[in-house]
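The structure appears right after this line, and notes come after that.
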């Protein structure tokens, strides 16, 4: 396994079955099997120090039903506990591989403590050759915005959502700098690596409940289209530059319409661009996204207003990004980081003042490799959610401390 934190995270998430980032490798006849993953847990303290009105789509934590502003919890962070099984072989001049993984929980807040069910995020096969590329079929992380989350330093920690005790994961920078890439059924082609340049293009499963609107749900009408291009470079200055995009057709259930007529369909589109540069222990990541009908936090969420009398759809514009700087202390290995991220959502005529206008995050983190597999993590996160009116605003602060073990 790679001993750097970022590559260990990428290995656990993407589960690429190569000797360079392998976990526990087991030769088995024609196959090489790999058992890999992580276990992490964090104690969190959250103070919801400001709550005015209502913010629909807020990321910031709010006081509970009893008005209590201070909450604590023990949970996984943005990256869930992970157990992955991968295998690879070479047959008929093809590299053939599979990955299956599941993600158990380390805690929940019920009386019995065992009500949370595991997540199931990966089940896919790949086949190809370095001369012409590879094809992936199955469920894996989405293509659009994938690099935004993989380069987010809170992937090792907690980020947003720390006040939600007992949940499977926190939010990291999701909704405060980027839209969640999510885990999607897909058929995707990845090109060979041409001196650092490569691209991926694919179709994704049409999802029901794509987003919600008054009285019903928004559903995809066709396969989604997602793709990205990237360029990686190494040397004294190393890094990566990428751009990706996504397009979906969306239609609302006719149940949302008071007169039962057919609703408008609309396209949800988004693109992003980002870069990560590393030199002499310093790391800098910049990222920006822009969308129409794409909404905020989860792709499609709050992406359009549907008139329940006429069926007319009005798409909302959204954009955001994050800037992140890190420094690894020589001889110690501790990585310290500072990040700022924001996600914005524009309103359309007729929107309520309670609709979220922006979710903003500041993060200060320290990530220390106690061993080559075990990392200690401490973070401070300040989250602010603002509605379309200044009368609606939430703000919360959280501190988290814990550890993450990769294998």
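Do you know which residues across the range 335-356 are crowded, with 21+ Cβ neighbours inside 10 Å and out of contact with any helix residue (DSSP H, G or I) (no Cβ under 8 Å at 6 or more places or on another chain)?
Of everything in the range 335-356, those that are crowded, with 21+ Cβ neighbours inside 10 Å and out of contact with any helix residue (DSSP H, G or I) (no Cβ under 8 Å at 6 or more places or on another chain) turn out to be 341, 343, 345, 355, 356.
What is the residue count in the range 365-390 for residues that are without any contact (Cβ under 8 Å) to a residue 60 or more places away in the chain, part of a loop (DSSP other than H, G, I, E, B) and touching a strand residue (DSSP E or B) at 6+ places or on another chain (Cβ under 6 Å)?
Qualifying residue count, the range 365-390: 2.
Can you find, within the range 194-208, the residue that is farthest from residue 94 (Cα to Cα) among those that are part of a loop (DSSP other than H, G, I, E, B) and touching a strand residue (DSSP E or B) at 6+ places or on another chain (Cβ under 8 Å)?
208
If I filter the range 91-109 for residues that are part of a helix (DSSP H, G or I) and modelled with pLDDT of 95 or more, do I get at least one hit?
Scanning the range 91-109 turns up no residue that is part of a helix (DSSP H, G or I) and modelled with pLDDT of 95 or more.
Can you confirm whether the range 143-165 contains a residue that is assigned to a strand (DSSP E or B), surrounded by fewer than 23 Cβ atoms within 10 Å (Cβ to Cβ) and out of contact with any helix residue (DSSP H, G or I) (no Cβ under 6 Å at 6 or more places or on another chain)?
Checked against the condition, which is being assigned to a strand (DSSP E or B), surrounded by fewer than 23 Cβ atoms within 10 Å (Cβ to Cβ) and out of contact with any helix residue (DSSP H, G or I) (no Cβ under 6 Å at 6 or more places or on another chain), the range 143-165 yields no hits at all.
Determine which member of the set 256, 262 is more than 24 Å from residue 340 (Cβ to Cβ), modelled with pLDDT under 95 and surrounded by fewer than 17 Cβ atoms within 10 Å (Cβ to Cβ).
Just a single option satisfies the conditions, and that option is 262.
Out of the range 267-280, which residues are surrounded by fewer than 20 Cβ atoms within 10 Å (Cβ to Cβ) and at pLDDT 95 or above?
Residues satisfying the conditions are 269, 271, 273, 275, 277, 278, 279, 280.
When you check residue 305 against the structure, is it part of a strand (DSSP E or B) and either over 20 Å from the mean Cα position of the chain (by Cα) or farther than 27 Å from residue 77 by Cα (or both), yes or no?
yes
Filter the range 117-142 for residues that are assigned to a loop (DSSP other than H, G, I, E, B) and either modelled with pLDDT of 95 or more or touching a strand residue (DSSP E or B) at 6+ places or on another chain (Cβ under 8 Å) (or both) and give the result.
Result: 118, 130, 131, 132, 142.
The values are calculated or read from the model by the stated rules, or taken from the named source; none is laboratory data. This is a predicted model, so every value here is computed, not measured. Cβ sites come from the backbone with ideal geometry, for glycine too, and all protein chains shown count toward neighbours.
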